[in-house]
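Below is one structure, written out as C-alpha cells; comments come after it.
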Amino acid sequence: MNARIRDPHRFLYRSPSCWATARQRGTHKDSSVNWAPADALDSGKLPASRWVTFAWYLPGQGLQPSAEFDSANLVQPGATAGRTPYALRLTAPEDGRYSVAFGGVIDTPNTTPLNMHVKLGKNVTDDSLWTDAAHVIASSSPGRSNGSRGYGSIAATVRLKKGESVSAAGISDQPFLLGNKTLPGRSFFSMRWVGRY
C-alpha cells in the first residue's frame, strides 16, 4: 500500500527540483569597473571564440541563499576553488522529463562584440563538447542591454535517465566574463522533474 499510494504522493509533492545562481567566471578591473570578486573562477577575461561552461554555487551558498534550493541533490559539486565547491551541471536523480530554465549574463568589458551566444547541453563533461551537435539541446543569442552586455535565457523540457546531466555555456567573439556577480538573479539555472521518461 505504501509503495503504491504513499510513496508516489510524496514524490509528486516533493519532486526533484533545484534553483542555483552562477559563480562568476573571469575577472576584469579598470578605472570605471571592478568585476574581480575574490571567489571568481578564472582570472582575467575568458578567451574569445571559445565555449565556456557556466559554474553554479551549491544552493544556500550562492548570491541569493534564501531563494536557492535543491530537493534531491541535483546540484552536485564537481570541483572546488578557493575552498568553495561549485557545480558545472545539474544531474537527474531519477529517470524522467525535466523542465530546465537558464538565464545567463555575458559581459565583454571595454569592447562591443558582434556575436554572443548561449547553449544548453546534455551530458557535456568537457568544454570541447559544446561544438558537438549531439550534446546541444537548445541555443540562443542574448539580447543586449548595452553594447557590451548580453542577457541570454533558454527554457526546454529534456528527457534524462538517472545520472544524466544538463549544463549551460556561453561564448563571444571578444574576450568575455560569464555570470556577473554584481547582477544577482540574472544568471541562474533551474531544473524540475515534470513527468515520466
The correct count of residues that are under 20 Å from residue 176 (Cα atoms), open to solvent by 70 Å² or more (accessible area, probe 1.4 Å) and not acidic (Asp, Glu) in the range 73-130 is 5
Go through the range 178-197 and report how many residues are open to solvent by 20 Å² or more (accessible area, probe 1.4 Å), of a type outside the set (D, E, K, R) and over 30 Å from residue 48 (Cβ atoms). 3
Could you tell me how many of the residues in the range 1-24 are modelled with pLDDT of 90 or more and open to solvent by less than 30 Å² (accessible area, probe 1.4 Å)? 8
Might you check whether a residue that is part of a strand (DSSP E or B) and β-branched (Val, Ile, Thr) occurs anywhere in the range 29-51? no
Strands (runs of 3 or more DSSP E) (entirely within the range 71-122) containing at least 2 residues that are in contact (Cβ under 8 Å) with a residue 12 or more places away in the chain and touching a helix residue (DSSP H, G or I) at 6+ places or on another chain (Cβ under 7 Å): 116-122
First in the range 141-170 and touching a residue at least 40 places away in the same chain (Cβ under 8 Å) and farther than 20 Å from residue 55 by Cβ, second anywhere and acidic (Asp, Glu) and assigned to a strand (DSSP E or B), Cβ under 8 Å, 6 or more apart: 148/107
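The values are calculated or read from the model by the stated rules, or taken from the named source; none is laboratory data. If you're wondering where the values come from, they're calculated on a predicted model, not measured in any experiment. Here Cβ is always computed from backbone atoms with ideal geometry, including for glycine, and neighbour counts include all displayed protein chains. Each accessible area value is taken on the protein alone, full model and side chains, heavy atoms only, with ligands, DNA and RNA left out. Shrake-Rupley method; radii C 1.70, N 1.55, O 1.52, S 1.80 Å.
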